[in-house]
Amino acid sequence: GSWMGQLLLPSENQPSYGREFARIHGTASMMMHLDVPRQKKERLVIGLTQIGIDLRGIAELGGRWNAGGGHTSGRKWPIIFAGLMLEDDHFLNRRLLPETAIFHEDTQTYWGSGWHGQRALWQMITHHGTRKPYLHLPPSEWRTWDGQRGNRGWAEISESYRTCCNAIAWGGQALAALLMEAKEIWNHDVFFEVVDDWMRPVDIYSGQRMLWSRASREGAAFDHDQFVTDMYHIFRETVPEQPHGDRHRMWDVNEPGSIKWVPNTKPTNLGPPAYGGDFPW
C-alpha cells in the first residue's frame with residue numbers, strides 16, 4: 001500500500017509506477033473504442049478484464065491504493081471495466097467492495113474553492129508524512145506554507161506531483177468510463193471534473209490566474225500522448241447523458257494522526273461546462 005509496493009511488482013509484465021499503470025489502462029481502453037474488427041481487440045479486452053479480476057481479489061483481501069505522489073493510480077477503472085465486460089454486479093456494486101478498498105484517484109480529488117476559481121481540486125495526501133490541501137491558496141503562499149523542505153514548501157512539492165503524475169495520466173480511463181456510462185458506478189464525480197480541467201485545450205480560468213499561468217503540461221495527456229489527447233478532445237463532448245454519483249466525500253488529512261473519509265458537499269453552482277467553452281454564468 002505504499003511506494004515500496006513497486007519493488008514487488010513483476011516489472012517485465014507491468015509498469016511499477018501508478019502514473020504508467022493508469023496511462024496504459026487508459027490507452028488500452030481508448031484502443032478498444034476504435035472502429036477495428038472485434039477479433040483484433042479480443043486479447044486486449046481479455047487482458048484488461050483479467051487485471052480487473054485480479055485487482056478485485058486484492059481489494060477483497062484488504063488491498064488499498066491511496067499512497068501519495070503518483071504511485072497507486074489506475075486500479076479502480078480495471079475493476080469497473082471487468083464488471084461491465086462480465087456483466088457482474090460483484091464488480092459494479094460499490095457496496096460489495098469492502099470499505100478498505102480505497103482508490104488513489106478518489107482520495108486525491110475533492111470539491112472546494114480553488115485559488116483561480118476552480119471547484120474541482122487535487123491534493124497529494126501523503127509524501128513522507130501527511131500533506132494538507134493547498135489549491136485554495138494562491139501560489140505566492142506555496143513556498144512558505146505547510147513547512148519547509150530545503151528551499152521548497154510542501155505545497156510547492158504537492159504542485160509538482162499534480163503536474164507530473166496524476167490527472168495528466170487519467171484522461172484515457174476517465175473518458176472510457178464516461179463513454180461506457182460508468183460515471184454513476186465510479187461514484188466520485190469530482191474525479192471527472194478534475195480531469196476535464198486538466199485536459200481542456202483552452203484555459204477557461206485564464207482571467208482569474210492573476211500573475212500566474214496555467215501549468216505548461218495541462219491540456220494534454222502524459223508525455224504528449226497524442227492518441228489519448230486527440231481521443232479526449234474529439235469525443236469528450238459526445239459522451240452519453242448518464243446519472244451522476246451520489247457519494248461526495250473527501251479523504252481528510254487535517255486532523256493530526258488521522259486520515260479518513262469526511263463529507264464533501266458538491267457545490268450547488270453550475271460550475272464550469274462539461275468540457276471547453278466559457279463559464280455558463
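The values are calculated or read from the model by the stated rules, or taken from the named source; none is laboratory data. A quick note: this is a predicted structure, and the numbers were derived from the prediction, not measured. Please note: Cβ atoms are built from the backbone with ideal geometry, for glycine as well, and neighbour counts cover all protein chains shown. The accessibility values were calculated without ligands, DNA or RNA, using every heavy atom of the protein model including side chains. Shrake-Rupley method; radii C 1.70, N 1.55, O 1.52, S 1.80 Å.
Below are the figures for this structure:
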item	result
Flag if Lys76 is within 27 Å of Ile204 (Cα to Cα), touching a residue at least 24 places away in the same chain (Cβ under 8 Å) and among the basic types (Lys, Arg)	no
Region 73-88 - residue that is open to solvent by 20 Å² or more (accessible area, probe 1.4 Å) and in a helix (DSSP H, G or I) and, of those, nearest to Leu121 (Cα to Cα)	Leu84
Residue tally, condition under 18 Å from the mean Cα position of the chain (by Cα), farther than 14 Å from His71 by Cα and outside any loop (DSSP other than H, G, I, E, B), over region 102-143	6
Count of residues meeting criterion [open to solvent by 80 Å² or more (accessible area, probe 1.4 Å) and part of a helix (DSSP H, G or I)] in region 25-53	8
Matching option when the condition is touching a residue at least 24 places away in the same chain (Cβ under 8 Å) and open to solvent by less than 10 Å² (accessible area, probe 1.4 Å), among Gly112, Gly70, Gly63	Gly70
Set His104, His136, His127: member being open to solvent by 10 Å² or more (accessible area, probe 1.4 Å), in contact (Cβ under 8 Å) with a residue 24 or more places away in the chain and touching a strand residue (DSSP E or B) at 6+ places or on another chain (Cβ under 8 Å)	His136
Selection within region 1-21 - part of a helix (DSSP H, G or I) and open to solvent by less than 90 Å² (accessible area, probe 1.4 Å)	Gly5, Gln6, Gly18, Arg19, Glu20, Phe21
Residue list for region 64-100, restricted to those being aliphatic (A, V, I, L, M) and closer than 22 Å to Ala28 by Cβ	Ile79, Ile80, Ala82, Leu84, Met85, Leu86, Leu92
Tally, over region 89-101, of residues that are loosely packed, with under 14 Cβ neighbours inside 10 Å and not in a helix (DSSP H, G or I)	4
Any hit, region 193-215, residues being under 19 Å from the mean Cα position of the chain (by Cα), among the hydroxyl-bearing types (Ser, Thr, Tyr) and farther than 16 Å from Tyr275 by Cα	no
Search result, residues across region 81-101 that are among the basic types (Lys, Arg) and either touching a residue at least 40 places away in the same chain (Cβ under 8 Å) or under 19 Å from Gly18 (Cβ atoms) (or both)	Arg94
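Residue-by-condition table, conditions (1) touching a Lys or Arg at 6+ places or on another chain (Cβ under 9 Å); (2) open to solvent by 30 Å² or more (accessible area, probe 1.4 Å); (3) assigned to a loop (DSSP other than H, G, I, E, B):
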residue	(1), (2), (3)
Ile168	yes, no, no
Leu175	yes, no, no
Trp198	yes, no, no
Pro201	no, yes, yes
Ile204	no, no, yes
Leu211	no, yes, yes
Gly219	yes, no, yes
Tyr232	no, no, no
Phe235	no, yes, no
